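*Asks:* My structure is below; once you've seen it, I'll send some questions.
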Amino acid sequence: MKTVGIIAEFNPFHNGHRYLIDKAKAITGADTAVIIMSGDFVQRGAPAVCDKYLRTRMALLSGADVVFELPVLYALGSAEQFASGAVRLLSSTLNIDFICFGSESGDIDLLYGFAVDTEDYSHTDEFRTCISSAIKKGLSYPAAFEAVIKEKYNTADSTLYSPNNLLGIEYCRALYRLKKSNLYSSLPKPITIKREGSSYHDEMISEYPSATSVRNVLQNNDISVLKDCLPESAFKILNDNNKKTLPVSADDFSDMLYMRLNSASDEMIRSIPDIHNDLKNKLINCRGKQITVSELISGLKCKAFTYSAISRAVFKLLLSPLYTQAYRFINESNENPPYLRTLGFKKDASELLRSLRYSETCNIITKPANGNMGNPSYQLDIYAANIYSQVCSNKYKTGFTDELKTGPVIVS
């Protein structure tokens with residue numbers, strides 16, 4: 001039996017995601033598609049438009065066989081952290097034959113070769129000097145990285161820097177780092193599929209839309225216009241839950257963030273890892289302003305920081321001090337074996353899950369109450385899910401759902 005792994009957010013699930021799963025199985029000959037998916041908060045620094053269990057059900061009804069949760073620590077990280085965490089977790093099962101991702105390029109040799117070159121170069125003194133110089137000129141780290149790499153490899157006109165290509169390169173870099181570490185006896189083979197339909201940020205609705213365009217419709221328009229660009233089962237789930245548990249937006253967390261920002265000490269804010277010190281100071285200076293999350297992010301936007309970097313900083317603040325504790329724990333302990341929380345599975349895939357429970361290289365958690373609450377990263381996952389549930393409960397007047405009492409989605 002062959003298994004393909006896919007790293008995703010499915011925020012929300014649409015025809016392009018179903019195409020990726022179907023194509024991944026077809027070109028690899030895999031019987032099973034294992035997904036590792038961001039939970040209730042996603043990499044662009046925002047809450048998911050609908051909860052992780054609805055998105056899991058959509059995926060399972062459209063070709064996925066098992067869905068694991070990507071811990072919040074990685075889901076809210078930079079592209080490198082997001083990719084490194086997801087690739088390591090999939091690799092730790094020793095049961096994933098391929099990791100497949102969509103890209104604008106569709107050329108795995110190009111992306112993997114570029115990943116190897118840039119990973120090796122990123123550890124040189126020359127690279128560090130060039131990056132430092134670019135940042136001093138006012139560029140954000142991602143912009144500085146891109147500028148330095150373009151200069152080094154003379155790729156100014158390349159499509160390598162489009163969103164899905166860049167993320168694919170990070171997946172390949174993560175695999176290359178694992179290969180050099182000799183941490184696992186075998187690693188998945190990277191495969192890429194050329195992206196079909198709308199571009200990453202395209203706001204037009206089409207047969208293969210961007211997730212951005214689907215979210216915009218959910219937030220602002222008649223959901224019926226999505227009927228032809230979502231799998232039938234996914235459309236039904238969204239339609240049945242529309243204005244009942246979804247959509248969720250960043251601004252729904254404004255009151256909670258206001259309380260956190262105004263109650264947190266300077267020391268606590270400055271201790272949050274992976275946020276630039278200048279940005280931390282800007283956050284501290286925003287105390288006392290009763291504004292929405294989107295207004296706060298827009299007010300902090302400047303040339304030195306991308307919108308996503310600011311958004312991630314805001315939600316890291318919301319989830320601190322647990323976020324800080326989890327970050328330090330993972331970086332100091334290297335957490336071995338890592339845990340994989342099961343969000344859902346098809347009954348036919350239960351045999352795979354049973355076999356993984358006896359693995360020495362990963363810790364499979366099926367019932368959330370059985371997870372290790374002594375692990376700050378797992379504590380953070382539960383805390384984040386409960387915050388998300390609380391916001392949904394307040395917005396739509398539904399009952400609060402305790403994450404520790406929520407079992408996985410199971411479909412026939």
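*Asks:* For residues that are surrounded by 24 or more Cβ atoms within 10 Å (Cβ to Cβ) and over 21 Å from residue 310 (Cα atoms), tally how many sit in segment 40-59.
*Replies:* Qualifying residue count for the region: 6.
*Asks:* Something else: Quick check, is residue 119 part of a helix (DSSP H, G or I) and more than 25 Å from the chain's Cα centre (by Cα)? Before the answer, list the steps.
*Replies:* Numbers: part of a helix (DSSP H, G or I): yes; more than 25 Å from the chain's Cα centre (by Cα): no.
No.
*Asks:* A further question on this structure: Within segment 215-228, can one find any residue that is basic (Lys, Arg), buried (at least 19 other Cβ atoms within 10 Å of the Cβ) and not assigned by TED's automatic domain parsing to the domain that holds residue 290?
*Replies:* yes
*Asks:* Out of the residues in segment 1-39 meeting the condition of being of a type in the set (Phe, Trp, Tyr) and out of contact with any strand residue (DSSP E or B) (no Cβ under 7 Å at 6 or more places or on another chain), tell me which one is surrounded by the most Cβ atoms within 10 Å (Cβ to Cβ). If you could, list the steps in order and put the result at the bottom.
*Replies:* Looking only at segment 1-39, we keep the residues that are of a type in the set (Phe, Trp, Tyr), and these are 10, 13, 19.
Add one more test, that the residue is out of contact with any strand residue (DSSP E or B) (no Cβ under 7 Å at 6 or more places or on another chain), and what stays is 13, 19.
Details: 13: 32, 19: 20.
Out of the qualifying residues, it is 13.
*Asks:* Also, I was wondering about something else. How many of the residues making up segment 321-379 are within 17 Å of residue 92 (Cα to Cα) and either of a type in the set (A, V, I, L, M) or outside any helix (DSSP H, G or I) (or both)?
*Replies:* 23
Residue-wise test of (1) surrounded by fewer than 20 Cβ atoms within 10 Å (Cβ to Cβ); (2) in contact with a helix residue (DSSP H, G or I) (Cβ under 8 Å, 6 or more places away or on another chain); (3) within 30 Å of residue 405 (Cα to Cα).
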{"position": "282", "(1), (2), (3)": "yes, yes, no"}
{"position": "292", "(1), (2), (3)": "yes, yes, no"}
{"position": "298", "(1), (2), (3)": "yes, no, no"}
{"position": "316", "(1), (2), (3)": "no, yes, yes"}
{"position": "321", "(1), (2), (3)": "yes, yes, yes"}
{"position": "327", "(1), (2), (3)": "no, yes, yes"}
{"position": "331", "(1), (2), (3)": "yes, no, yes"}
{"position": "342", "(1), (2), (3)": "no, yes, yes"}
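*Asks:* Just name the residue that is surrounded by the most Cβ atoms within 10 Å (Cβ to Cβ) out of those in segment 60-106 that are part of a loop (DSSP other than H, G, I, E, B) and among the acidic types (Asp, Glu).
*Replies:* Checking each candidate, the answer is 65.
*Asks:* Going through 380, 404 one at a time, which residue ends up being in contact (Cβ under 8 Å) with a residue 60 or more places away in the chain and either under 30 Å from residue 255 (Cβ atoms) or surrounded by fewer than 20 Cβ atoms within 10 Å (Cβ to Cβ) (or both)? First the steps, then the outcome.
*Replies:* Working: 404 fails: in contact (Cβ under 8 Å) with a residue 60 or more places away in the chain.
Checking each option against the conditions leaves just 380.
The values are calculated or read from the model by the stated rules, or taken from the named source; none is laboratory data. Predicted, not measured: the structure shown is a model, and the values here were computed from it. Ideal geometry is used to build each Cβ from the backbone, glycine not excepted, and the neighbour counts take in all protein chains shown.
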